[in-house]
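The values are calculated or read from the model by the stated rules, or taken from the named source; none is laboratory data. Predicted, not measured: the structure shown is a model, and the values here were computed from it. With ideal geometry, Cβ positions are generated from the backbone for all residues, glycine too; neighbour counts draw on all protein chains shown. Only protein heavy atoms, including side chains, enter the accessible area calculation; ligands, DNA and RNA are left aside. Shrake-Rupley method; radii C 1.70, N 1.55, O 1.52, S 1.80 Å.
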Amino acid sequence: MPNGLRPRSMTPLSGPRVVGGAANTSIGNFSQTVASPFGAWRWEFVFPVSKDAKFRRYRGWATALHGGANATRVPFGDPDMMTLLEAGLTVTSAHERFGLPWGNGEPWSNGQNWSVTAPNVPVAAAASLDASIIRLEDEFWGHRLQMGDYLGFFPLHFGLYTITEERGDGEYRIWPPLRKALTVDDFATLYPTMAMRLESEDAASAARGVAYAEEASVTLIEVFDYDVRDYFAD
């Protein structure tokens, strides 16, 4: 997404799927459902009223998606993320608000400091593609995650994962299953990034009124990490 383009709200439209979830019950009043490993994230993003440069950036981004033929990086800054203190980082409120300078006390050339973010945590054990159990090192927040926390991995890993079970000693169950295998050289982050595309040609609107553009709704669907490598890397 272009810099400064931030949604006002975001809603997950599909989550874990089951096989037989809509099946009719049997004569014995029994209905079986089985967890499915399939299913992609599908989100609706609502962008606020805008005009001028902000609306130009939005309509350019929506056009560049070409009705779903192109993909876009979507960073997930969780508004309900644990605090920096909970994440194992001790900073002042001034540091959180204004950031930190370089080691020599100077800011960047534009006068801005480094923004303060939650630290990264090393992966403690390798995990295969489609695995649903991960292990993190006992550093910073690595053993502090709980049900409902979002996380991702890097380098070169597109995926948004939700903790669904805390199993102790830094071991967690996640959904969805891993979109890419993990190695002990990888890191976990509280700032995951997904690759996504428009669900259909009419999944984005860019209506412009006389004075300003109304709120715009965009429906995006996940592009799996391995598909990014095969089809969107050129």
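Taking the stretch 73-109 as the search range and keeping residues that are open to solvent by less than 100 Å² (accessible area, probe 1.4 Å), of a type in the set (Gly, Ala, Ser) and part of a loop (DSSP other than H, G, I, E, B), which one is nearest to residue 162 (Cα to Cα)?
By that ranking, first place goes to 77.
Being open to solvent by 20 Å² or more (accessible area, probe 1.4 Å), under 30 Å from residue 50 (Cβ atoms) and of a type in the set (Lys, Arg) narrows it down to one residue among 208, 167, 135; which is it? Step through it out loud before you land on a result.
Numbers: 167 fails: under 30 Å from residue 50 (Cβ atoms); 135 fails: under 30 Å from residue 50 (Cβ atoms).
Criteria check complete, one pass: 208.
Exactly one condition in (1) open to solvent by less than 60 Å² (accessible area, probe 1.4 Å); (2) of a type outside the set (S, T, N, Q); (3) more than 27 Å from residue 43 (Cα to Cα); (4) out of contact with any helix residue (DSSP H, G or I) (no Cβ under 6 Å at 6 or more places or on another chain) is false for residue 116; which is it?
Result: residue 116 passes all but (4).
Going through the stretch 2-27 one residue at a time, which ones are at pLDDT 65 or above and open to solvent by 50 Å² or more (accessible area, probe 1.4 Å)?
3, 6, 8, 10, 11, 12, 13, 16
Applying the selection to the stretch 192-205, what residues are open to solvent by 60 Å² or more (accessible area, probe 1.4 Å) and either outside the structural domain of residue 39 (by the TED database) or in contact with a helix residue (DSSP H, G or I) (Cβ under 7 Å, 6 or more places away or on another chain) (or both)? Write out each step before concluding.
Of the stretch 192-205, the ones open to solvent by 60 Å² or more (accessible area, probe 1.4 Å) are 197, 199, 201-202.
If the condition is that a residue be open to solvent by 60 Å² or more (accessible area, probe 1.4 Å) and either outside the structural domain of residue 39 (by the TED database) or in contact with a helix residue (DSSP H, G or I) (Cβ under 7 Å, 6 or more places away or on another chain) (or both), then 197, 199, 201 are the ones that fit.
Return the only residue of 153, 158, 140 being hydrophobic (A, V, I, L, M, F, W, C) and in contact with a helix residue (DSSP H, G or I) (Cβ under 9 Å, 6 or more places away or on another chain). Explain how you work it out, then say what you get.
Numbers: 153 fails: in contact with a helix residue (DSSP H, G or I) (Cβ under 9 Å, 6 or more places away or on another chain); 140 fails: in contact with a helix residue (DSSP H, G or I) (Cβ under 9 Å, 6 or more places away or on another chain).
Only one candidate passes the filter, namely 158.
What pairs can you find where one residue is in the stretch 148-161 and open to solvent by 20 Å² or more (accessible area, probe 1.4 Å), the other is among the small types (Gly, Ala, Ser), and their Cβ atoms are less than 7 Å apart, with a gap of 6+ or different chains?
Sorted first by the residue in the stretch 148-161, then by its partner, the pairs are 158/195.
Need the failing condition index for residue 178 against (1) surrounded by 15 or more Cβ atoms within 10 Å (Cβ to Cβ); (2) not in a loop (DSSP other than H, G, I, E, B), just the number.
(2)
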